[in-house]
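Written out below as structure tokens is the structure these notes cover.
Just so it is clear, none of the values below were taken in a lab; they were calculated from the coordinates. Since the model is a prediction, treat every value here as computed from it, not as a measurement. Cβ sites come from the backbone with ideal geometry, for glycine too, and all protein chains shown count toward neighbours.
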Amino acid sequence: MSENGKRYIVLLACLVSLVCLGTAAAWSVYVLPLMHQSGLSKVQTQVVPALSSFSFCVCMIVGGRLQDRFGPRPVALAGAAMLGLSYLLSWLLPAEMLWLSMGLLAGVGNSTGYTPPIATAIKYFPNRRGLVAGLAAASFAVGPILVQKFASALLAAGWQVRDIFGLIGLIYVPVLLACAMLLKNPPGAAATFRRGGFRTKMLLEDRRFWLLFFGMLCGTFPFLLLTGNLQTMAGVWFAGWVAALAIPAIAGGNALGRIFWGYLLDHIGTRKAMLGFEGLLVLATGAMLVSSGHWAIFLGAALMAGFCHGANFAIYPTTLARLYGPELLGTTYPWVMVAQGISSVAPLVGGAMWAATGGFQAALGVSAGVAVLGLGLSAWLGHAQQLAPQSPLRIVQPLSAGAKPDVESAK
């Protein structure tokens, strides 16, 4: 097989593995069944997605550095093994322990397995980084659609939630292990990299990093609040068929958004793309706030919220790869993902406000406010960046090389 054909095989392995990893956004399909089957409270059901998202983002710092140090294959294998353990414990342990299995352990497994396919795919297509990052991120967003359909059918047939987790693990983990074995760096690239003269301080002193950080924080909060409560919200407000379409709408928008914004980024640049998706996010959250009793507005707002959320995962890894080089994506990207770790409180905010007020309007109001804040911060920080541009260092050194690090200004 030609080298060109081999890189598409690697790309396919990256995309399939991300489909298997992307299941967290379907969590709301389990909320009411867990309340009825196991007696969990509204807040307890939201601890799981909050803890999963938080551990996902925080553990990416370690997983990303391991990927840069040891290469994509061993780290992806470790992520698959950790995810398999989380599914096994979810099947064996009572529902009260889901915070450990589907919360903490699943978040760690997903975060460990997430960076290797993203970084590997970008390295194989240096001239189409935005589009490839969008395709990879879209695959992660397709996962919830498949899980929601699969889990809904099993729940309707009388399955227990923990048995569904066991079956998903039995199907997905072998696929993840097989895909991980296909991950490798492109021919001619060093197998692993040293951070060389790069220091985290360089990242934290760069104004552009904070533009991306706050963009991620405010761009993910509304989506995370919705994913924890969306199907429940639809079930309270509308007929059953609307609830059945809620997760496919937001997850489908998420997948489409990752491809669209990745393609657009290659043509208009980071700042315009950020302002574009954040402006649409303000409209989507505002529409969701007034959608009670209007199923078309509700589903349209869910679709648009997912579409805007997908932009985060096409824009930010691609921009970091351009600033610091794709070899250091595993080191730099997790620091931006810390912002999503902070916004992981969103499902808890939604669950607590639902329990306190008996409705969803207060939580949706907070979500809309965060979207407005994100648009304002991006406009302000983006303007400040233009007034005082900086050039962060791009430093890469193959482990096998004895020469000094290659240092160049990122353009």
## Note on the structure
Here P(r) for the chain, Cα-Cα distances in 10 Å bins, as whole percents, is 5, 24, 34, 24, 10, 2, 0
### Pairs of alpha carbons in the stretch 142-185 whose separation is greater than 15 Å (percent)
53
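If you take the beta carbon distance between residue 153 and residue 199 as r and set R0 to 60 Å, what does 1/(1 + (r/R0)^6) give as a FRET efficiency, to the nearest 0.05?
Working: r = 51 Å, r/R0 = 0.84.
Working from the Cβ atoms, E equals 0.75.
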### Query
Measuring from label point to label point, each 7 Å out along Cα→Cβ, what is the residue 163 to residue 175 span in nm?
2.2
### Query
Amide H to amide H, which residues 5 or more places from residue 22 or on other chains are under 5 Å from it, using H placed in the peptide plane?
143
### Summary
The distance between the Cα centres of the stretch 289-358 and the stretch 111-139, in whole Å, is 18
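Between residue 241 and residue 41, what length in nm is gained on full extension when 0.36 nm per residue of separation is reduced by their alpha carbon distance? Before the final figure, lay out the partial values.
Working: separation 200, 0.36 × 200 = 72.00 nm, distance 2.48 nm.
Extra length available between residue 241 and residue 41 comes to 69.5 nm.
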### Query
So if R0 is 45 Å, what FRET efficiency would residue 355 and residue 296 give, r being the distance between their Cβ atoms, rounded to the nearest 0.05?
0.95
### Message
Per DSSP helix of 4 or more residues, -39500 (n - 2.57); summed, then divided by the residues of the chain. What does that give at 222 nm, rounded to the nearest 500?
### Response
-26500 deg cm²/dmol
#### Entry: Electrostatic dipole magnitude of the stretch 3-409 [Cβ: Lys, Arg +1; Asp, Glu -1; Cα centre; debye, to 20]
860
### Query
Mind checking which of 175, 19, 282 has the largest fluctuation in a GNM of the chain, springs on alpha carbons under 10 Å?
175
### Query
By count of other Cβ within 10 Å, fewest leading, how are 266, 68 ordered?
266, 68
### Query
When only Cα pairs under 8 Å and 6 or more residues apart are kept, what is the percent relative contact order across the stretch 3-409?
26
